[in-house]
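Have a look at the structure below, then the notes.
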Ligand code: ACM
Ligand code: ZN
């Protein structure tokens, strides 16, 4: 391993000298305006960081920049309280500027990032980072002396305030260090919402102190199905890997991830699935299902019939769980799932049928709406709002609920027309578990076809939505479901480079997007991803 590192160092040292001479500016996502100037700013041992205020967030941004230089170069940036005349990076809070907007100005004498909040300053730092030679990403020192960045004036702001990425850790578990790697990538491309899909039929992944069996029982499954089978395939025709799969995050680990994300101005949004995708929870506490079980943490994928039964005791259980979740996560949003809830158990359950009658509900769809509204009210009283997949429209939306439109954009359009906020995540553009190439050698995927160009082409504002309602489209999210993604290497492969494309969908004005220009910029990012040691799909680079 040491030998390889030395070899890489030699190669990179020479390419480092090459790239600092280059003036290519290849920022992803594309900023609003870029005006190139003449000359360079040189970072060296004497370069200082000047902060215009001692706000905690500004110090967090400054620390990020220092660590970036510290890990990969011999340059130690030191903070100064007095603004130098030259050779400094200024992080300047300017309350006259608009929310979310930042300016990055580089000339021969200094680098200045100006914004009205530390988070926008942080995005300016990410743009500066991408202007620096790719070697700045190295986990070991490569660039020993000077680092040059070209003079430029950049102004920039995002189109959408919700720029999300979801990772499903229910189907396959990824430990904290890998979650942090994803958060690192999100920071680089200015995504700001990490949606953590923590529970599903195949595993419950978050420690809940009041209900220890959720993780003692619910975080283990006996084995995992191999391959994909049509609905209705007989059990004897399915193959399993005979290998237990397990894992969960302690509350301390969750706090660690939240803090790590916060230091990168990323909000972590937990998802606790209900009323469907609940088999792992029911395996631990069968009394909250309609039949009483027994249930097993599922070893196969697809939609499962056993769901939470809307009894008072079930609501008490879910409220207890959500109380711990709401206390842990500072996010204003809690995602409560709501998708793919079959109604067959409810149709055959005495309690469910009595509840439908008592509450004067028309059918099981209205029972689903009753379920979600009751949970939503509970969370609202804790100062939280819910996000749900677009099935939460069935039987009527809960007041104040935000809809995540995944089966297409129709759910999102309906929700926006009724005054609800929407996060667009249509599977035709945003599902990163789908194939990105039709090449026969492509790693096995769940299906679909979402190549980089398709992701890039997406316009989150539907044409059929009246202009005055477009404000309800608060953002866009890409989703990595992991039924057939069992390793972190493959997570990276499915994410990259599609994540670069979605970042531009989320940040850059649709009319400003240009796929050919984007492809040119990705070529420089390929080198960055290489230096970061990441695994990515190569199709657009060949
Ligand atoms: C989903 O893909 N079931 C939200
Ligand atoms: Zn029931």
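Every number here is computed from the coordinates shown, using simple stated rules; none is lab data. Since we're looking at a predicted model, the values are computed, not measured. Every residue, glycine as well, gets a Cβ built from its backbone with ideal geometry; the counts of neighbours run over all protein chains shown.
Testing the spin-label approximation: label points 7 Å from Cα along Cα→Cβ at residue 82 and residue 520. State their distance in nm.
Label-label distance for residue 82 and residue 520, simple model: 4.5 nm.
Would any residue of the stretch 249-263 have its amide N under 19 Å from a label point 7 Å out along Cα→Cβ of residue 67? List them or say none.
Residues 252-263 fall inside that zone.
What's the extension gain from residue 287 to residue 539 if we count 0.36 nm per residue and subtract their Cα-Cα distance?
Computed gain between residue 287 and residue 539 is 85.8 nm.
To make sure I understand, if each residue's beta carbon is the centre and we count other beta carbons within 10 Å, what order do 199, 314, 32 fall in, fewest to most?
Placing the least packed residue first, the sequence is 32, 314, 199.
Rounded, prolate or oblate: pick one for the stretch 111-204, where a ≥ b ≥ c are the square roots of the eigenvalues of its C-alpha gyration tensor, a/c under 1.5 means rounded, and failing that, prolate if a/b is larger than b/c, else oblate.
oblate
Please give the helix 498-507 orientation as an angle from the longest Cα principal axis of the chain, in degrees from 0 to 90, rounded to the nearest 10.
80
Under 1.5 on a/c is rounded, so check that first for the stretch 180-291, then, if it is not, pick prolate when a/b is larger than b/c and oblate when it is not; a ≥ b ≥ c are the square roots of the alpha carbon gyration tensor eigenvalues.
prolate
For the chain, find the longest principal axis of its Cα atoms and tell me its angle to the long axis of helix 515-531, 0 to 90°, nearest 10.
Tilt of helix 515-531: around 90 degrees.
Based on the Cβ-Cβ distance from residue 363 to residue 233, what FRET efficiency comes out when R0 is 25 Å, to the nearest 0.05?
0.25
Within 10 Å of each residue's Cβ, count the other Cβ atoms and sort 473, 121, 344 from fewest upward.
344, 473, 121
Using the number of other C-beta atoms within 10 angstrom as an exposure proxy, rank 171, 427, 163 with the fewest first.
427, 171, 163
Give me the extension gain from residue 470 to residue 243: residue separation times 0.36 nm, minus the current Cα-Cα distance, reported in nm with one decimal.
So the chain would gain 76.9 nm between residue 470 and residue 243.
So what is the relative contact order for the stretch 178-323, in percent, with contacts set as C-alpha pairs under 8 Å and at least six apart?
Relative contact order, the stretch 178-323: 31 percent.
What nm value, rounded to one decimal, do you get for the distance between residue 380 and residue 45 when each label is placed 7 Å out toward the C-beta?
Going by the 7 Å Cα→Cβ label model, 6.3 nm.
Antiparallel as a % of all DSSP beta bridges within the chain, to the nearest 5?
Roughly 35 percent of the beta bridges in the chain run antiparallel, per DSSP.
Please find the FRET efficiency linking residue 255 to residue 140, where r is the Cβ-Cβ separation and R0 is fixed at 25 Å, and quote it to the nearest 0.05.
After rounding, the FRET efficiency stands at 0.30.
Please give the calculated 222 nm ellipticity per residue for the chain, where each DSSP H segment of at least 4 residues contributes -39500 (n - 2.57) and the sum is spread over every residue; nearest 500 deg cm²/dmol?
Only helices count here, giving -10500 deg cm²/dmol.
Grab the Cα-Cα distance for residue 486 and residue 296, subtract it from 0.36 nm times how many residues apart they are, and report the gain in nm with one decimal.
Computed gain between residue 486 and residue 296 is 66.4 nm.
Which of rounded, prolate or oblate describes the chain when judged by the alpha-carbon gyration tensor and an a/c cut-off of 1.5?
In terms of gyration-tensor shape, prolate.
So, in nm, how far is label residue 354 from label residue 418 when the simple model puts each one 7 Å beyond its Cα toward the Cβ?
2.9
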